[in-house]
Amino acid sequence: MSDTTTTGAGSPSGAGLPSVVNLRRKSRPGERAIVLSLVGCALLSVLITVGILVALIEPVLHFFGQVPLGEFFATEGRYAVVPLITATLTVTAIALLVAVPIGLGAAMYLSEYASRRARKILKPTVELLAGVPSVVYGFFALFFVTPTLLQDLLGLQVNFTNLLAAGLILGVMVVPTVASLAEDSLSAVPRSLREGSLAMGANRMQTTLRVVLPAALSGVMAAVVLGMSRAIGETMIVALAAGAQKNLTLDVREGAQTMTGFIAQTAGGENPVGSVDYNMLFAVGLVLFLITLVINLISISIVRRYRQVY
């Protein structure tokens, strides 16, 4: 008696395997077109980045042909960029102090504590903040946060335009970015890790802080860094509420111009195209681009180092 098992019309069970494998290897109709379109989208994003650099390089070369590098990276002067960088980083730090605790707390509540019904209501509500125009946030900081909240309620002696009001409102605007991405990362942690922690006697808070949060650390860090990039690149809030004059200071009660505020003011001014002041716009833009690029590279390295695959 033969040991070969037959299927169908007496053919061996393995006889049809190559045809099955070949069928699996065949592309479905339109699959190649979809793959090519996705590759095209990826290449387009790279080409856009290269195009931005090309657009920046020529005016920057003309600028540094007329202004020494030391004068550009000075702490004071007409072409000094250090006060702009200091103001930008100060406002960003204030924004992160607001956005990270609130955003991460909202993410942990939505992921670990909220009921399904509450999550359906609260998550879109939080994300709705991202749809508010930034100019609205800027006027809110200018005409409510500074005079009503900071001066009247808190009794702080702040200027009409100041870094504190701009940073606080900028943090509110960044909250949806941090909360949404962090909540997605926390929700992606397998349920088995939570159940194992609870089975070992940990309570819900201990499970969230000691099990779920470390497991989702790469995604949470990416959310924070993305929120930082969003804060650094914001224009209208800082242009309206932070100030329009260069000021090298760490006193958040004072006003100071940020890099994006300077770009907005210069681009909307009356500087002739090709002039030194006009070309400085591109030099500051290149510095801002490089700072954002470094932040994104740090984010990628953090994600790769702490990534957990389940």
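Just so it is clear, none of the values below were taken in a lab; they were calculated from the coordinates. Nothing here was measured: the structure is a model prediction, and the numbers come from that model. Neighbour counts run over all protein chains shown; Cβ positions are idealised from the backbone, glycine included.
A few comments on the model shown:
- Each listed q (0.12, 0.19, 0.25 Å⁻¹) maps to a log10 I(q)/I(0) for the stretch 139-227 from the Debye sum over equal C-alpha point scatterers, namely -0.57, -0.80, -1.09.
- For the stretch 70-128, the relative contact order comes to 14 percent (Cα pairs under 8 Å, sequence separation of at least 6).
- Here the Karplus curve 6.51 cos²θ - 1.76 cosθ + 1.60, taken at θ = phi - 60°, turns the phi angles of the stretch 139-151 into couplings of 5, 5, 5, 6, 10, 10, 4, 5, x, 8, 6, 7, 7 Hz, with x standing for Gly and Pro.
- Cα-based Rg of the stretch 102-176 normalised by 2.2 N^0.38 Å, two decimals: 1.33
- Compactness index (Cα Rg / 2.2 N^0.38 Å), the stretch 226-310: 1.37
- Pairs of alpha carbons in the stretch 26-130 whose separation is greater than 16 Å (percent): 78
- Descending semi-axes in Å of the chain, equivalent ellipsoid built from Cα gyration tensor: 49, 30, 16
- Close amide H contacts of ALA74 (hydrogens built in the peptide plane, cut-off under 5 Å, sequence separation of 5 or more or a different chain): VAL81, VAL82.
- Among complete DSSP H helices in the chain, those whose alpha-carbon atoms stretch at least 30 Å along the helix's long axis and whose mean Kyte-Doolittle hydropathy reaches 0.5 are 31-66, 82-108, 163-187, 276-306.
- Spin-label model, SER192 to VAL136: label points 7 Å out along the Cα-to-beta-carbon direction sit 4.5 nm apart.
- Sequence-distant contacts, meaning Cα pairs under 8 Å at least 6 residues apart, place the relative contact order of the chain at 24 percent.
- Mean separation of Cα contacts under 8 Å (6+ apart) over length of the stretch 194-280, as relative contact order %: 18
- With Cα atoms defining each centre, the stretch 48-94 and the stretch 191-205 are spaced 51 Å apart in the structure.
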